[in-house]
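Let me begin by presenting the structure, written as structure tokens, before commenting on it.
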Amino acid sequence: MTPTHIEHIGIAVASLEEAIPRFRLLLGTDCYAVEDVADQKVRTAFFKVGQTKIELLESTAPDGPIAKFIEKRGEGLHHIAIKVPDFDAVIERLKASGARLLNNPRQCVGGHTTVFVHPASTGGVLLELIKEN
């Protein structure tokens with residue numbers, strides 16, 4: 001894998017309404033986008049920090065993955081997303097090595113093609129790989 005950069009860091013929050021002002025103050029920058037992702041039962045808010053983004057994730061349903069994450073672990077770091085130029089080759093190499101992928105490549109927030117790698121295959125961190133266009 002030849003990652004180009006950390007694309008974003010996902011942080012699970014109970015409420016975007018409460019978290020956006022807190023992160024605006026902490027980061028010294030404004031939230032530049034809020035987006036609903038209905039099929040993933042999540043609403044996201046983005047802040048830019050240099051080349052990297054901070055993505056706040058709020059569940060839109062009690063049975064959504066972010067709601068379940070917060071119920072089990074509380075608010076906090078949810079995933080790290082890395083852009084890779086050789087996306088398809090990386091996916092094949094991970095499958096061949098026995099890594100556990102949580103989904104087939106799919107369109108996600110911002111129209112990016114992504115795949116998630118289960119924390120059991122990464123030493124405990126949910127990893128999102130994003131295809132570099």
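Computed from the coordinates by the stated procedures, all read-outs in this text should not be read as laboratory data. Quick caveat, the model's predicted, so the values are computed rather than measured. Note that each Cβ is placed from the backbone with ideal geometry, even for glycine, and that neighbours are counted across all protein chains shown.
If only residues of the range 35-73 that are among the aliphatic types (A, V, I, L, M) and out of contact with any helix residue (DSSP H, G or I) (no Cβ under 7 Å at 6 or more places or on another chain) are counted, the one that is nearest to CYS108 (Cα to Cα) is ALA38.
Here the condition is being assigned to a loop (DSSP other than H, G, I, E, B), surrounded by 15 or more Cβ atoms within 10 Å (Cβ to Cβ) and over 15 Å from the mean Cα position of the chain (by Cα); of ALA19, ALA99, it holds for ALA99 alone.
Of everything listed in (1) free of Cβ contacts under 8 Å to residues at least 12 places away in the same chain; (2) among the polar types (S, T, N, Q); (3) assigned to a strand (DSSP E or B), the single unmet condition for THR114 is (1).
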